[in-house]
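Everything on this sheet refers to the single structure shown next.
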Amino acid sequence: MYKYSEYDSTLVRERAQQFRDQVSRRLSGELTEDEFKPLRLQNGLYLQLHAYMLRVAIPYGLLAAQQMRKLAHIARTYDRGYGHFTTRQNIQFNWPELEQVPTILDELAEVEMHAIQTSGNCIRNTTTDHLAGVARDELADPRPYCEMVRQWSTFHPEFAFLPRKFKIAFTGSADSDRAAIRLHDIGIQLVENEDGELGFRVFVGGGMGRTPKVGKLVREFLPRQHLISYLEAILRVYNQLGRRDNIYKARIKILVDALGVPEFSALVEKEWEEIRESSLQVTDAEVERMQAFFAPPAYETLPDSDAAVAGMQAEDTPLGQWARNNVVPHKQSGYSAVVLSLKSYASPSGDLSDKQMEAVADLSEQYGFGEIIVTHTQDLVLPDVRSDALEALFTALVDLDIATPNHNRLTDLICCPGLDFCNLANARSIPVAQEIRQRFDDIDYLDDLGEMSLKISGCINACGHHHVGTIGILGIDKRGEEAYQLMLGGSAGHDASLGKVLGQAFSREEIVPALEKALKTYVKLRESPEETFIETFRRLGDKPFREGVYGA
């Protein structure tokens, strides 16, 4: 795990001190809300429907146990006893008092955390695969490169006020994209060239929201030493040519579409030619220094546990169900990675209480090496669990209500806060998610449906990623009433695709029954239980699903 340098610590402490002064001037009336807005956004503070919301950065989703304990303390002391883990691998506190936010930032700085660049038109938190460092299908750990990007982009003087917010994601896997890189402004995949040299495949122009786009390949192989200079070139082109006259057309995806990939790439190459041999080059020494922060922990030498875990997964028991869905193979013999589901029936997706946070911190030390990963699907991962401790861990997770065995199943759904919290939303999403979990609470049925993703957004801004769900639900305003569109066929993986709206919108009372009809149609039409929902949809198209849902 990256440890702050003296420079990092000074920067974060001074930023917190600056914001304390800015808050004081706002509370005294010296600053109006309009004057205060750009200052608070630079520190991750939003004004939501009912209160301020503070978004805290968790770079590439990696938390130490002591950091999780600090988040629990903040939730208990300054909020309402819980935090909300987001699709950007961050955490949000929905109810802080304005005058207490500087103190929260001071406390975050104590454990090397902050809220810098979690909002505003800047480069946001760089994300990656939640199995980075432990995945068997990983070419190399992408987190050292994420950290390089974090350091390069933090307070970058040229990119502090971009045309619009900017998001970058990495994956180290050739086979499966668990970081949704093609749905980002820049998506980067670690690859090797014919000589076995490590480099990057670069996609640009992905994103969701009002105009969803799948990212375009702009460079097949970027040598490792040029990572930062090439990113700088892309951002320079975007900063110069991105639209600032229309907020809805300001993202880089619009620029890439307007210019076309050949012209956009040519502009980047021209800009890059001027800086590629500059001090922005990534040296081998810097790579080695950064990799040292993410060196594997002190694993014990253990026998292979694949057969034992497979035997556990074959059991027709709650433990077996959980092991089948929430235990992931590890690259180190004798270990497993474990998904902690934040998708129980008792709370919204991604919510975790202060007591649960403290317990997870304890479990990360008891059953691992004190690290916790936040996923972009609003769950947590304990990355280094001895496989012979899985049963004991499961028992502890059951007591904490974070052992729902639904990873990559229908009820492992992403859900934005919606109209219950957000002043941009058109419809409520949390009640819909809760009703879906209650309606489809039979794990055998979920296992029969197989792997799928359900994503719900309360508005077209797509914080719930509805465009790339196998099934997506979008809340809209229909003549002053909350309504919901049903979308099918999305994917956030290497085979990224955008879902299609099936037909006319449904009322609040109709949307869950409509979802059930779509599922029944899939079960009826699939060629075998092994054919997934998206495979059936891609094979047949939307017509039979439309007929099954609307009866037309």
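Things to note:
- Single residue of Arg182, Arg201 found to be more than 17 Å from Arg88 (Cα to Cα) and of a type outside the set (Asp, Glu): Arg201
- Within region 325-348, the residues that satisfy the criterion of being in contact (Cβ under 8 Å) with a residue 60 or more places away in the chain and more than 28 Å from Pro431 (Cα to Cα) are Val327, Val328, Pro329, His330, Lys331, Gln332, Tyr335, Ala337.
- Residue check, Gly215 crowded, with 22+ Cβ neighbours inside 10 Å and touching a residue at least 12 places away in the same chain (Cβ under 8 Å): yes
- Within region 125-142, tally of residues that are free of Cβ contacts under 8 Å to residues at least 60 places away in the same chain and surrounded by fewer than 22 Cβ atoms within 10 Å (Cβ to Cβ): 3
- Residues of region 467-484 satisfying the condition of being surrounded by fewer than 23 Cβ atoms within 10 Å (Cβ to Cβ) and not β-branched (Val, Ile, Thr): Asp477, Lys478, Arg479, Gly480, Glu481, Glu482, Ala483
- Pairs linking a residue in region 514-525 that is more than 14 Å from Leu502 (Cβ to Cβ) to a residue that is surrounded by 14 or more Cβ atoms within 10 Å (Cβ to Cβ) and hydroxyl-bearing (Ser, Thr, Tyr), with Cβ atoms under 7 Å and 6 or more positions apart or on different chains, are Leu525/Thr536.
- Which listed residue is at pLDDT 95 or above, crowded, with 22+ Cβ neighbours inside 10 Å and either farther than 19 Å from Pro297 by Cα or more than 17 Å from the chain's Cα centre (by Cα) (or both), from Arg386, Arg409: Arg409
- Strands (runs of 3 or more DSSP E) contained entirely in region 163-217, each with at least 1 residues that are in contact with a helix residue (DSSP H, G or I) (Cβ under 6 Å, 6 or more places away or on another chain) and under 25 Å from Val381 (Cα atoms): 168-171, 186-192
- Filter result (buried (at least 17 other Cβ atoms within 10 Å of the Cβ) and not in a loop (DSSP other than H, G, I, E, B)) within region 502-516: Phe506, Ile511, Val512, Ala514, Leu515
- The residues of region 339-356 that are small (Gly, Ala, Ser), at pLDDT 95 or above and either surrounded by fewer than 23 Cβ atoms within 10 Å (Cβ to Cβ) or closer than 15 Å to Thr86 by Cβ (or both), listed by number, are Ser349, Gly350, Ser353.
- Neighbours by Cβ (under 7 Å, 6+ apart or cross-chain): first from region 275-295, within 17 Å of Tyr60 (Cβ to Cβ); second surrounded by fewer than 10 Cβ atoms within 10 Å (Cβ to Cβ): Phe293/Lys3
- Residue ID - modelled with the lowest pLDDT, chosen from residues in region 230-279 that are hydroxyl-bearing (Ser, Thr, Tyr) and under 25 Å from the mean Cα position of the chain (by Cα): Tyr248
- Restricting attention to region 157-201 and to residues that are among the β-branched types (Val, Ile, Thr) and within 30 Å of Leu474 (Cβ to Cβ), the residue that is surrounded by the fewest Cβ atoms within 10 Å (Cβ to Cβ) turns out to be Ile168.
- Glu112, sole failed condition from (1) out of contact with any strand residue (DSSP E or B) (no Cβ under 6 Å at 6 or more places or on another chain); (2) touching a residue at least 40 places away in the same chain (Cβ under 8 Å); (3) more than 28 Å from Tyr78 (Cβ to Cβ): (3)
- If the condition is being of a type in the set (Ser, Thr, Tyr) and farther than 17 Å from Thr126 by Cβ, then region 44-92 contributes Tyr46, Tyr52, Thr77, Tyr78, Tyr82.
- Test for Leu380: is it within 22 Å of Asp441 (Cβ to Cβ), in contact with a helix residue (DSSP H, G or I) (Cβ under 7 Å, 6 or more places away or on another chain) and either crowded, with 19+ Cβ neighbours inside 10 Å or not small (Gly, Ala, Ser) (or both): yes
- One residue from Gly464, Gly489, Gly499 being surrounded by 14 or more Cβ atoms within 10 Å (Cβ to Cβ), free of Cβ contacts under 8 Å to residues at least 40 places away in the same chain, within 28 Å of Ile188 (Cβ to Cβ) and not assigned by TED's automatic domain parsing to the domain that holds Ala169: Gly499
- The single condition among (1) over 20 Å from Ile186 (Cα atoms); (2) not assigned by TED's automatic domain parsing to the domain that holds Thr10 that Thr128 does not satisfy is (1).
The values are calculated or read from the model by the stated rules, or taken from the named source; none is laboratory data. None of the values given here were measured: they were computed from a predicted structure. Using ideal geometry, Cβ is built from the backbone for each residue, glycine included, and neighbour counts are taken over all protein chains shown.
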